[in-house]
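Asks: I'd like to ask some things about the structure below.
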Amino acid sequence: MQCALFLQTMVDYFGKDNDFLPVQMKRRKPWRKVLYEDQGVPDNYVDKSFLDEMRKNLNTRTYQFWSVVSESGTVSQQLSSVCIFVTAFVYMDFGYLSPSLLFVASSLLTLAGCVLFDLLDGGALRSESKRTRVDDVKSCIVVLSSVYVLSPVLKTLTDTISTDTIYAMTTFMLGMNLLLYDYGTRAAIVSRSASLNASIFASVCLASRLPSSWHVFATVTFAMQLFALFPSLRRQLKMQLPSSHVLVTWTLVLIAVAMLWPLSQLFALLLALVHLAITFFCPFWLIQLQRFKNNIHGPWDEAVIEEELEAKQK
């Protein structure tokens, strides 16, 4: 009490702007986060109010196990597509599968998929793009004709490259296809065009090791159907019929494992284990790690312009 009375007497006697007063007594204004103003404190001073605007886990999304399991199906679908393509190549290389059968079967399935896509879409995409079915047929004829004409060139394109190098390049490109594929997340690494180009490049590399130009044509056509058209149908099915997502996932997984089983039972079992890990173990791991999430947000965050992000995604 006596100390407080003494300090008040000093203020009344010297005045509050006198340099003899302690810094804490002269500073009446609240501390502000500014650099251009002398507030009478050291440069490394941190006020108690500095973290008042800090927020933790501001936009954190709480995941549910079964919803994550369902969403993981997109990864399993793309991985199964890659395995189906590779095993189809091995079947043709060993003579177990004729290119004519592959071309006819894949074309019929593609035609059925196009009809199903139109039924699910209800003509909305055609109205937006102003394309008719005749335009689609013309585009299909142009693409198939181009691939057929270029097949002899693609067959001899990599003659000077060793087979081991071709397989290494194919593995790398298919890995890039899986890495860059659009799994439904907004990330800078996602690129549908780059993912598609990587898969087509891989198909050209593998096709160049097959016996004839007809094999090359069937392989490249199958790759375009599997990696360019089929993902659009899967996304449309997931959007319009969410319950079909699980059915499509396990159908592709079973087809991939069944095709791989005659070639190598060990690799077929490993593929099944990988799918089980993607479907159940990884979601469980993610759920367990949620409680350790500790993101901080505040006025120091960088500004995010949503329009630029959306433009990049397109």
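The values are calculated or read from the model by the stated rules, or taken from the named source; none is laboratory data. This structure is a prediction, so every number in the text was calculated from the model and none was measured. Cβ placement follows ideal geometry from the backbone for every residue including glycine, while neighbour counts extend to all protein chains displayed.
Asks: Among the residues of the stretch 259-287 satisfying the criterion of being within 11 Å of Ser80 (Cβ to Cβ) and more than 23 Å from the chain's Cα centre (by Cα), which is surrounded by the fewest Cβ atoms within 10 Å (Cβ to Cβ)?
Replies: In this case the residue turns out to be Met259.
Asks: Sort through Asp93, Asp136 and tell me the only one that's out of contact with any Asp or Glu (no Cβ under 9 Å at 6 or more places or on another chain), among the acidic types (Asp, Glu) and at pLDDT 90 or above.
Replies: Asp93
Asks: Which residue pairs have Cβ atoms under 8 Å apart, sit 6 or more places apart or on different chains, and have a first residue in the stretch 124-153 that is free of Cβ contacts under 8 Å to residues at least 24 places away in the same chain and surrounded by 13 or more Cβ atoms within 10 Å (Cβ to Cβ) and a second that is outside any helix (DSSP H, G or I) and hydroxyl-bearing (Ser, Thr, Tyr)?
Replies: What qualifies is Arg126/Thr132.
Asks: Of Ser203, Ser232, Ser244, Ser212, which residue is on the phi < 0 side of the Ramachandran plot, among the polar types (S, T, N, Q) and free of Cβ contacts under 8 Å to residues at least 60 places away in the same chain?
Replies: Matching residue, one of Ser203, Ser232, Ser244, Ser212: Ser244.
Asks: If only one of Asp118, Asp135 is over 29 Å from the mean Cα position of the chain (by Cα), in a helix (DSSP H, G or I) and more than 26 Å from Leu206 (Cβ to Cβ), which one is it?
Replies: The conditions single out Asp135.
Asks: Would you check which residues across the stretch 92-106 are part of a helix (DSSP H, G or I) and without any contact (Cβ under 8 Å) to a residue 12 or more places away in the chain and list them?
Replies: Phe94, Leu101, Val104, Ala105
Asks: Considering every residue within the stretch 161-180, establish whether at least one is buried (at least 16 other Cβ atoms within 10 Å of the Cβ) and in a loop (DSSP other than H, G, I, E, B).
Replies: The first filter runs over the stretch 161-180 and keeps only residues buried (at least 16 other Cβ atoms within 10 Å of the Cβ), leaving 166, 169-170, 173-174, 176-178, 180.
Narrowing further to those that are in a loop (DSSP other than H, G, I, E, B): none.
No, every residue in the stretch 161-180 fails to be buried (at least 16 other Cβ atoms within 10 Å of the Cβ) and in a loop (DSSP other than H, G, I, E, B).
Asks: Let me ask something additional. Report every pair of residues separated by at least 6 positions or lying on different chains whose Cβ atoms are under 6 Å apart, first residue within the stretch 30-47 and on the phi > 0 side of the Ramachandran plot and free of Cβ contacts under 8 Å to residues at least 40 places away in the same chain, second surrounded by 10 or more Cβ atoms within 10 Å (Cβ to Cβ) and outside any loop (DSSP other than H, G, I, E, B).
Replies: Within 6 Å, the pairs are Gly40/Val23.
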